[in-house]
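Let me begin by presenting the structure, written as structure tokens, before commenting on it.
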Amino acid sequence: MKKRRNIALDLFRGITVIVMVIVNNPGDWTYIYTPLRHAPWNGFSLADLVFPFFIIAVGVSIPFAMHKKQVNEEKSNLQILFFVFKRFFILFLLGLFLNAFPYFEWEGLRIPGVLQRIALVYLSCSMIFLFLRSPIKQGFLFTVILIGYYILIVRIPPPDWSGDESFVFNSKHNWAAYLDRIIMEGHLWKYTKTWDPEGLLSTLPAIASGLIGIWVGSYWMHKKYFLWVIGLVFLIFGLIAAEFFPINKSIWSSSFVLVTGGLGLLFFYFLNLLDSWIGESKSFHRYFSPIFIMGRNALLVFFSTGLISRILILDWKGTTLKKIVVDLFFRGYDPYLGSLIYSFIYLAIIYLILIIYNFFMKLIKIR
């Protein structure tokens, strides 16, 4: 009997990807409704939940993938490691490709990125799952990461701090930004130049977010009581921790890990209830099929949106294709509404691409 896919995970990943496409592709970056706008520094909005939710989903998928390879395919740890490193390099190189596209110039090329961070989290969490199986030891590592990161960012000034008053970290003066400049100066995000929102040190607490996903996939996925109780605990502790280390996506603060982790667990709880109530219904699968398709092709969605977005803003005789489209079709609306409608049309195009892709994959019997 064929094992049923995990509907809650597919929905979680699919909804996250859909929000990602809408958030990352407005018609005009000046006109964005507040929930869809990233917090400039401290604080968070709906838009700031996308990346940590995606990281949690990566963590959730690891136990399922490892179980399949260890039990069903009877792979050794060495063979699994080869698969993990291969996937890591593919993700990382795809991220570099997106950063380089379309000019492919090494000078000033941004090295960090979203796919690069996902690759590092995937590699680290896979290694932890393979070689540190004890949930107690994993919990200890999780705690050490969050407390250690708090001490390093909030309590210890970086070497380039020269302020006369008591140290208060900011976007430029903190250990994460300092290490980014030391290791990757000239290859950071062009909008900041002195630090990177997907930098090296701030990837460490992102690994903690991935660990939350591992625990969901290993222990809590079908224990609904655990999901909402631990979700509330994480959320409460995160809000308390925010008094000492503000919620901040750009630096991936320890409170950000706890708050987004708590919200992620509560969301999983709701989706598990939905799966329990109507998961076997054919109409359920039919109505939610766009979400399933987006969730099951998350990497293709991210990569294709990255390519298309860059093509749309290429300079063409002093303008861009995106500006032409927006001016022709979306200027007659309220600017905020027009910008949002553009995002939804963009989402529909991505969905059409996935439909065509899946059709051809079935046609040539790859899937």
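The values are calculated or read from the model by the stated rules, or taken from the named source; none is laboratory data. Every value quoted in this text rests on a predicted model; they were computed, and no experiment measured them. Because the Cβ atoms are built from the backbone with ideal geometry, glycine has one as well, and the counts that use them run over all protein chains shown.
Numbers at a glance
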| item | result |
| --- | --- |
| Qualifying residue in segment 159-171 (condition: loosely packed, with under 14 Cβ neighbours inside 10 Å, more than 19 Å from the chain's Cα centre (by Cα) and not in a loop (DSSP other than H, G, I, E, B)) | no |
| Any hit, segment 311-321, residues being assigned to a helix (DSSP H, G or I), over 20 Å from ASP10 (Cα atoms) and modelled with pLDDT under 90 | yes |
| Residue identified as in contact with a Pro (Cβ under 8 Å, 6 or more places away or on another chain), part of a helix (DSSP H, G or I) and among the hydrophobic types (A, V, I, L, M, F, W, C) among PHE270, PHE256 | PHE256 |
| Selection count, segment 71-93, where residues are surrounded by 15 or more Cβ atoms within 10 Å (Cβ to Cβ), free of Cβ contacts under 8 Å to residues at least 24 places away in the same chain and in a helix (DSSP H, G or I) | 1 |
| Any hit, segment 348-365, residues being on the phi > 0 side of the Ramachandran plot and free of Cβ contacts under 8 Å to residues at least 40 places away in the same chain | yes |
| Selection count, segment 151-187, where residues are of a type in the set (Phe, Trp, Tyr) and out of contact with any Pro (no Cβ under 9 Å at 6 or more places or on another chain) | 1 |
| Single residue of SER339, SER304 found to be surrounded by 13 or more Cβ atoms within 10 Å (Cβ to Cβ), under 18 Å from ARG37 (Cβ atoms), at pLDDT 90 or above and of a type outside the set (Asp, Glu) | SER339 |
| LEU141 vs. criteria out of contact with any Lys or Arg (no Cβ under 9 Å at 6 or more places or on another chain), at pLDDT below 95 and part of a helix (DSSP H, G or I) | no |
| Number of positions in segment 319-353 that are within 22 Å of PRO290 (Cα to Cα) and either in contact with a Lys or Arg (Cβ under 9 Å, 6 or more places away or on another chain) or among the aromatic types (Phe, Trp, Tyr) (or both) | 4 |
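Residues checked against (1) hydroxyl-bearing (Ser, Thr, Tyr); (2) in contact (Cβ under 8 Å) with a residue 12 or more places away in the chain; (3) surrounded by fewer than 21 Cβ atoms within 10 Å (Cβ to Cβ); (4) touching an Asp or Glu at 6+ places or on another chain (Cβ under 8 Å):
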| residue | (1), (2), (3), (4) |
| --- | --- |
| MET20 | no, yes, no, no |
| GLY27 | no, yes, no, no |
| TRP41 | no, yes, yes, no |
| SER45 | yes, no, yes, no |
| VAL50 | no, yes, no, no |
| LYS69 | no, yes, yes, no |
